[in-house]
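*Asks:* Dropping a structure here in structure tokens format, bear with me for questions.
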Amino acid sequence: MARVLTGIQSSGRPHLGNILGAILPAIELSKNPENESFFFIADLHSLTTLKDGALRAEYVRAIAATWLAFGFDYKKNVFWRQSRVQEHTELAWYLNCFTPFPMLANATAYKEKSEKLSDVNAGLFTYPVLQAADILLFDANIIPVGKDQKQHLEMSKDIAVRFNQLAGEEILVLPEAKIDDRIMTIPGIDGQKMSKSYNNYIDIFLPENELKKVTKKILSDSKALEEPKDPDSDVTFKLFSLIASESEIAEMRSNYTNGGYGYGHAKQALLACILEKFDEPRRIFNYYMENNEELESILVAGEEKARSVAQHTIGKVRNVLGFSS
Ligand code: TYM
């Protein structure tokens, strides 16, 4: 039996990149009866960038509702908020003391911001250590993530190896990233990687009129309607081909290359496809967003299960470090 684990930060509502890059592949893996799935909301990680507590609480609900909207079986598996299982932070502290400074200084997410060090808080700098704790606390084997998390996963493994060397045995299980090469990095509406921080994301749960405004803003070149167009360099086509069926993709491809088909048409087709393909998840999402108590009780039950697994690992780690009674 393999243990699958992944997390989403509550720094915004989940977007199409999170859904295609992590949530759907993780749910697919969770359907395998050989697997046991541990999916959580990384609300502590979101504090590195988001300080507004009311917003964080709303985003936590939105992330939880998204997992449920895509059919995560929370009864069979484990589903929780990171902040409610205190062993995450305890293990993170221990692992901080096994993490060399240059490893963190080399992290891409930190390096991107290191030109303005006054904007980098210590939480952001040690972010990968908390992530390693999230994974290692639950003896996770497979971590489905988008390509942007590859370096964090390598660090988690590296930190586990350093701890195990001290222990003289494999106390912490070495995790493996699972990155779907077909999905890679989902583009945002400006063609860069879709990201909350670039504000270029598509929130598929928006009401139809707002979703329409977002799809209209997708970057395109200035070719006239009658001109033939290159589908492979166009963002709308790329997004469409990530969610549409093979025959729909082939039809749009030939519309592009034949000409007489404008980017406006393609954007309308993308909107229709999102609304159709995500019709049921959109309904379930709205249901949970309106029924907070139900959502809360699902999370509280999950947190009990997560805590008992976490306590087992932390017990072994404390033992190695001389912190047990
Ligand atoms: P976060 O919240 O930024 O993203 C959640 C997941 O969505 C994937 N993703 C994407 N995949 C493809 N294309 C995109 N444009 C795109 N944008 C985001 C991410 O790769 C990720 O899998 N550090 C993590 C959260 C985390 C975590 C963990 C993940 C904390 N602890 C332990 C796994 C295991 C993060 O920031 O994800």
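*Asks:* Show me the chymotrypsin sites (Phe, Trp or Tyr not before Pro) within the stretch 257-325 that DSSP assigns to loop and that have at most 12 other Cβ atoms within 10 Å of their Cβ.
*Replies:* Those that pass, being in a loop and sparsely packed, are 323.
*Asks:* Jot down the radius of gyration and Dmax of the chain, Cα atoms only, both in angstrom.
*Replies:* In order Rg, Dmax, the Cα atoms of the chain give 21.2, 77 Å.
*Asks:* What number comes out for accessible area per residue over the stretch 208-277 if the probe is 1.4 Å? Units Å², please.
*Replies:* On the way: 3910 Å² over 70 residues.
Heavy-atom accessible area per residue stands at 56 Å².
*Asks:* Given a 1.4 angstrom probe, I'd like the percentage of the accessible area of the stretch 208-277 that is carbon and sulfur, rounded to a whole number. Before the final figure, lay out each step's value.
*Replies:* Values: 1890 of 3910 Å².
After summing per-atom areas, the C and S share lands at 48 percent.
*Asks:* So, one more: For residue 223, go through the aspartates and glutamates and keep the ones whose alpha-carbon is under 16 Å away, minus same-chain ones fewer than eight residues off.
*Replies:* Result set, ordered by chain and number: 232, 234.
*Asks:* Using only the Cα atoms of the stretch 208-277, build the gyration tensor, take square roots of its eigenvalues as a ≥ b ≥ c, and label the shape rounded, prolate or oblate: rounded if a/c is under 1.5, else prolate if a/b is larger than b/c, else oblate.
*Replies:* Note, shape of the stretch 208-277 comes out oblate.
*Asks:* Checking the cross-link filter: which lysines have an alpha carbon closer than 27 Å to that of residue 150, excluding same-chain neighbours under 8 positions apart?
*Replies:* Counting by Cα, and skipping residues close in sequence, residue 150 has these lysines nearby: 31, 51, 111, 113, 116, 178, 193, 196, 238.
*Asks:* Multiply the residue gap between residue 280 and residue 308 by 0.36 nm, knock off their C-alpha separation, and tell me the result in nm, one decimal place.
*Replies:* Extending this stretch completely gives an extra 6.7 nm.
*Asks:* For every helix of n ≥ 4 consecutive DSSP H residues, a contribution of -39,500 (n - 2.57) applies; sum these over the chain, divide by its total residues, and give [θ] at 222 nm rounded to the nearest 500 deg cm²/dmol. Walk me through the numbers before you get to the answer.
*Replies:* On the way: 15 runs with 169 residues, N = 325.
-16000 deg cm²/dmol, from helical runs alone.
The values are calculated or read from the model by the stated rules, or taken from the named source; none is laboratory data. In this text, all values refer to a predicted model and were calculated from it rather than measured experimentally. Counting neighbours? That spans all protein chains shown, and the Cβs are built from the backbone with ideal geometry, glycine included. When the accessible area is computed, the model is the full protein with side chains, heavy atoms only, and any ligands, DNA or RNA have been set aside. Shrake-Rupley method; radii C 1.70, N 1.55, O 1.52, S 1.80 Å.
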